[in-house]
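Single-structure report; data block below.
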Amino acid sequence: MRTVVLIPARYSSTRFPGKPLVKLLGKPMILWVAELAEKAVSKDNVYIATDSKEISKAVLEAGYNVVMTSSSCLTGTDRLAEAVTQIDADIFVNVQGDEPLASPNDILRIASYKKRNIDCVINGFSYIGQNEHVDNINIPKVVTNEENKLVYMSRKALPAVKDKRNTPDEYKKQVCIYAFTKKQLQQFASFGRKSVLERCEDIEILRFLELKIDVLMVETEPGSLAVDEPEDVAKVENEMIARGYKKYELV
């Protein structure tokens, strides 16, 4: 079964225009993400799906595959659904272009779970760290049943508690690594719109619940940080330095 990594990257982000090309330690963020994906599945199996000529140019110059998509995609997952029509593969792992600290081992773990649970969509989760706040709306909180299947995902702190003595010891957060089949992505796109809950929460994985497709949540390594807003750049760069990443010198 051929497994590829697809990285959706649009230039016109509402909160952070041009985000995929923001420099982290001197190198565009999209290239950091492509490189960690390459460690998991090899360079030939890494694709960037974008509607931007600027992003395409940067990626092609670095030797990665590009799939051009339209500018009218509702979400990143809709962009992937459009891109997979141009790629011959069995499993499509979505790694978000704003997670430069994602683990290649987690990509392989998500792909492995997908092979064993082909009828489920697979999504990663970890536990909210001490340097993160459960009320941060940029962190989707994950509620699962006892089999780790997704019940709901919200930007609010969930599960809620009536009695503070029942407050969870830890809250789960979404890690934006997913695995799909081509059929599941096509079903997602064929819904034709954002679902009501998806639109309210701005969390696209919720659309699969309307399609009655189980989402199996798989625990990943802790410590993944996303660049959601310009203010996150310094925080992520500091963490990269702490992990031994070297500053990239442009030639």
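Residues to consider are Thr167, Thr181; find the one that is at pLDDT below 95 and not hydrophobic (A, V, I, L, M, F, W, C).
After applying the criteria, what remains is Thr167.
Restricting the search to region 163-179, which residues are under 12 Å from the mean Cα position of the chain (by Cα) and aromatic (Phe, Trp, Tyr)?
Of everything in region 163-179, just one residue is under 12 Å from the mean Cα position of the chain (by Cα) and aromatic (Phe, Trp, Tyr), namely Tyr178.
Does region 130-138 include one or more residues that are more than 23 Å from Lys19 (Cα to Cα) and either of a type in the set (D, E, K, R) or part of a strand (DSSP E or B) (or both)?
Yes; the residues of region 130-138 include at least one that is more than 23 Å from Lys19 (Cα to Cα) and either of a type in the set (D, E, K, R) or part of a strand (DSSP E or B) (or both).
Considering only region 85-101, state which residues are out of contact with any Phe, Trp or Tyr (no Cβ under 6 Å at 6 or more places or on another chain) and either assigned to a strand (DSSP E or B) or closer than 20 Å to Phe16 by Cα (or both).
Passing the criteria: Ile91, Val93, Val95, Gln96, Gly97, Asp98, Glu99, Leu101.
For residues that are within 13 Å of Glu221 (Cα to Cα) and open to solvent by 10 Å² or more (accessible area, probe 1.4 Å), scanning just region 115-133, find the one that is modelled with the lowest pLDDT.
Residue satisfying both the conditions and the ranking: Gly129.
Scan region 168-187 for residues that are under 30 Å from Gly129 (Cβ atoms) and either touching a residue at least 60 places away in the same chain (Cβ under 8 Å) or open to solvent by less than 60 Å² (accessible area, probe 1.4 Å) (or both) and jot them down.
Of everything in region 168-187, those that are under 30 Å from Gly129 (Cβ atoms) and either touching a residue at least 60 places away in the same chain (Cβ under 8 Å) or open to solvent by less than 60 Å² (accessible area, probe 1.4 Å) (or both) turn out to be Pro168, Tyr171, Lys172, Lys173, Gln174, Val175, Cys176, Ile177, Tyr178, Ala179, Phe180.
The values are calculated or read from the model by the stated rules, or taken from the named source; none is laboratory data. Only a predicted model underlies this, so the values are computations on that prediction, with no experimental measurement involved. In this analysis, Cβ positions are derived from the backbone assuming ideal geometry, glycine residues included, and neighbour counts consider all displayed protein chains. Keep in mind that these areas ignore ligands, DNA and RNA; they rest on the heavy atoms of the full protein, side chains included. Shrake-Rupley method; radii C 1.70, N 1.55, O 1.52, S 1.80 Å.
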